[in-house]
Amino acid sequence: MTVQPTLQQPAGASRRDFIKATSAAGGLVLSFSIAPKAGAADAGAKPLNAYVRIAPDGVVTIMSKNPEIGQGIKTSLPMMIAEELDVPWEAVRIEQADNDPKTYGRQFAGGSMATPLHWDELRRVGAVARAMLVQAAALAWNCPAGECVTDRGVVIHAATKRKASYGSLAGQCAAVTPPDPKSVPLKDPKDYRIVGHAKPQYDTARIVTGQPLFGIDVKRPGMLYATYEKAPVFGARVAGADLAAAKSVKGVRDAFVVDGGTELSGLLPGVAVVADSWWAARKGRDRLAVKWADHPTAQQGSAAFAQRARELAAGAPQKIVRNDGDADAALKGAAKTVKAAYAYPFLAHVPMEPMNCTAEFRDGKLEIWAPTQNPEPGRQLVARTLGLQPDDITVHMTRCGGGFGRRLNNDYMVEAAAIARQAKAPVKLLWTREDDVRHDFYRPAGFHFLEAGLDASGRITAWKDHFVTFGAAPDQPAPSAGMSPNEFPARFLANCQLGVSAMPLGVPTGPLRAPGSNALAFVMQSFIDELAHAAGKDPLAFQIDLLGTEKVVGGPGGYNAERMRGVLKAAGEMSGWGKVKLPSRTGMGVACYFSHLGYFAEVVQATVSRDGTVKVDKVWVAADVGRQIVNPSGAMNQVQGAVIDGLSAALFQKITIENGQVVQANFDTYPLLRMADAPPVEVKWVLTDYPPTGLGEPALPPALPALCNAIFAATGQRVRELPIDTGRLKA
């Protein structure tokens, strides 16, 4: 007999109550729902869930609950369960779960949060499953469970040498009472066989052999293909289109106007073309000759934003968000003052797989196949926009060909759903690369006007930043356009004033890998480097000195200066900082940054040719993300990828707005760092006794200022605006 018990633990229920057994072919399925931590502010919104299925032949199938966007979570989360379950990794199979918040709680990919959110809970899921298998064996052998141990998928009774495989015991687990997940013992890390050992990404073989895996690979019976033309000025309505011309293309089934709304993250107005093939749809779209209505943001542009920022900076900030001591008085009394204006542009995400989504209406129900980082908000957006009940919508999560925050917004999902409903057929919507670049949720541009004072010994005595950003008001910034009042070096200086002014924006913005931090690190860490040189001090020693001697600054849960000092020292030792004689026009730069719970310090060595060309020779990264690296292979991948992303942003990337429209369109005008130019990235893990945290984002922010500081060391030219203007670096 095969038995399929299901564990769920509603409030007030006993463990016995929440285990339910049903028969199913093939083996045992364990579904866990662990109650949220007591006192959690959003306790009702984030239960944690996982599935474990054990077949009679010992194959263990683990459901991966979160979207996989290339960050490796489809491998690393199941590793946590498998470790505590005590099964050989070779026996594990992984399946991607659908969006199902009632079973899994919140499913999303963002904020480098998967590891910190799941580290404890998923290990307990595995430990509970293992304990149940032990109990089942003890029941069969009529012995105390404490006399049994496990070893790679087998339960062993040491006294009698009896053994039973998990597969043979799976069906008997319905007869046992599961232990309390909160008190179930966990492995000593010294006994880990899976966690902490490098594992290849589970999907690698399917990716390199071209098997269907991504959203763009989805096919449905009778499926049509769609393109969607939207206004170049965000949100402008359709004034007219030659639908007949589009329909005259062979293979085009229909062309129609979608009214849309004004919410930039929702269904925007446009014209859809549906055809037997995507190529036919694309040809039909070329004939639309769409006319767009006037739009109030059509006069906005990057040059005007920069000019307005300078005008605002000439006056007082619209809002003071932090005011420690008396920065103005300290500046007046300073031995030396330094002023600088920094600026950074809008950035696009450009994941390799363009936005796409497949949708199908059938019998009043809507099914969606979407490469999304945030499936449930997408489902709610579709329901709200199309007037459907959320329970009538099923979202299947596909692997994403890159995310970087772009797929936290689900505009392409609601577009596919709206088009499929009108087309009355399954429809795959596929954006062009140009659509992707010109209809992104951009990393906001920003402008900082800084002033600092130094005393006679070279210590910072005053710090002022007037940050000009976008939004309805300083305390209502556009998405990802804000700045924390704790932005470093705030809390480390006696006299610190942070002010913010805002200007309106008609361009959609959103999170990009290490949102906020990816821009603020460039500004703050570059200016600190300026101050170090102004003080005549070594930049690395200056950073360590600025951090002071306290362990944690800002109270419990504050900035852990001890951890940052540790990675700075490690990065210095790795790179041979101050000990290596470098050639002419070659320099090293250092930067550090705390973001997404990770403490990172990086040293970049760069060489600047006399024609201004920048070559990054090597990057050294020292990282403190706690006591445990779950999958060293995936971890290294994340750090190296983040550094390369940061270098691309510093060297090349810029989205320009003219007449309310994005100028760039493809990789020729929005380049990435080429493989031939990618430097070696050496990583050192500085292990500390803190819970493990995520790695998708925190390695990116320091890469930009470390490179800019290296360029200063090599040339004496300070980079205060991104991307780097190599024309200014000529000898």
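Among the residues of segment 442-466, those that are in a strand (DSSP E or B) and open to solvent by 10 Å² or more (accessible area, probe 1.4 Å) comprise ARG443, PHE447, PHE449, GLU451, ILE460, THR461, LYS464, HIS466.
So, ALA205, is that one out of contact with any Ser or Thr (no Cβ under 7 Å at 6 or more places or on another chain), over 30 Å from GLY72 (Cα atoms) and of a type in the set (Gly, Ala, Ser) or not? Considered against the rule, which asks whether it is out of contact with any Ser or Thr (no Cβ under 7 Å at 6 or more places or on another chain), over 30 Å from GLY72 (Cα atoms) and of a type in the set (Gly, Ala, Ser), ALA205 comes out as no.
Of all the criteria given as (1) under 30 Å from GLU367 (Cβ atoms); (2) of a type outside the set (A, V, I, L, M); (3) free of Cβ contacts under 8 Å to residues at least 12 places away in the same chain, the one not satisfied by PRO221 is (3). Residues in segment 71-101 that are under 27 Å from HIS349 (Cα atoms) and in contact with a strand residue (DSSP E or B) (Cβ under 8 Å, 6 or more places away or on another chain): ILE73, LYS74, THR75, LEU77, GLN96, ALA97, ASP98, ASN99. The requirement of being at negative phi, open to solvent by less than 10 Å² (accessible area, probe 1.4 Å) and in contact with a strand residue (DSSP E or B) (Cβ under 8 Å, 6 or more places away or on another chain) is not satisfied by ALA514. Put simply, of ARG513, ARG491 the only residue that is over 23 Å from GLY646 (Cβ atoms), out of contact with any Ser or Thr (no Cβ under 7 Å at 6 or more places or on another chain) and outside the structural domain of LEU268 (by the TED database) is ARG491.
Has segment 89-109 got at least one residue that is part of a strand (DSSP E or B) and more than 22 Å from ARG399 (Cα to Cα)? No: zero hits.
Does ASP328 meet the test of being in the same structural domain as GLY270 (by the TED database), open to solvent by 60 Å² or more (accessible area, probe 1.4 Å), among the charged types (D, E, K, R) and assigned to a helix (DSSP H, G or I)?
No, not satisfied.
Before we move on, is LEU672 touching a residue at least 40 places away in the same chain (Cβ under 8 Å), open to solvent by 10 Å² or more (accessible area, probe 1.4 Å) and not assigned by the TED database to the domain that holds LYS190? Criteria met by LEU672.
Examine segment 180-189 for a residue that is under 30 Å from ASP624 (Cβ atoms) and touching a strand residue (DSSP E or B) at 6+ places or on another chain (Cβ under 8 Å), and state whether such a residue exists. Yes, segment 180-189 has at least one match. So which residues in segment 467-505 are open to solvent by less than 10 Å² (accessible area, probe 1.4 Å) and assigned to a loop (DSSP other than H, G, I, E, B)? Within segment 467-505, ALA481, PRO489, ALA490 meet the criteria. Going by what's in this entry, would GLY240 be described as of a type outside the set (A, V, I, L, M), under 36 Å from the mean Cα position of the chain (by Cα) and surrounded by fewer than 16 Cβ atoms within 10 Å (Cβ to Cβ)? Considered against the rule, which asks whether it is of a type outside the set (A, V, I, L, M), under 36 Å from the mean Cα position of the chain (by Cα) and surrounded by fewer than 16 Cβ atoms within 10 Å (Cβ to Cβ), GLY240 comes out as no. For segment 565-610, the candidate set comprises residues that are among the hydroxyl-bearing types (Ser, Thr, Tyr) and surrounded by 21 or more Cβ atoms within 10 Å (Cβ to Cβ); within that set, the residue that is farthest from GLY111 (Cα to Cα) is SER575.
Scanning segment 360-385 for residues that are farther than 26 Å from ILE73 by Cα and either out of contact with any helix residue (DSSP H, G or I) (no Cβ under 9 Å at 6 or more places or on another chain) or open to solvent by 20 Å² or more (accessible area, probe 1.4 Å) (or both) gives PHE361, ARG362, ASP363, GLY364, LYS365, ARG384, THR385. Scanning segment 578-590 for residues that are under 26 Å from GLN628 (Cα atoms) and among the small types (Gly, Ala, Ser) turns up nothing.
Annotation note: Cβ proximity below 9 Å between a residue of segment 60-72 that is on the phi > 0 side of the Ramachandran plot and assigned by the TED database to the domain that holds GLU84 and a residue that is assigned to a strand (DSSP E or B) and of a type in the set (D, E, K, R) (sequence gap 6+ or interchain) occurs for GLY70/ARG399.
Can we say ALA330 is more than 20 Å from ASN495 (Cβ to Cβ) and aliphatic (A, V, I, L, M)? In short, no.
The values are calculated or read from the model by the stated rules, or taken from the named source; none is laboratory data. Everything numeric here is computed off the predicted structure, so don't read it as measured data. No Cβ is skipped: glycine too gets one built from the backbone with ideal geometry, and neighbour counts run over all protein chains shown. Each accessible area value is taken on the protein alone, full model and side chains, heavy atoms only, with ligands, DNA and RNA left out. Shrake-Rupley method; radii C 1.70, N 1.55, O 1.52, S 1.80 Å.
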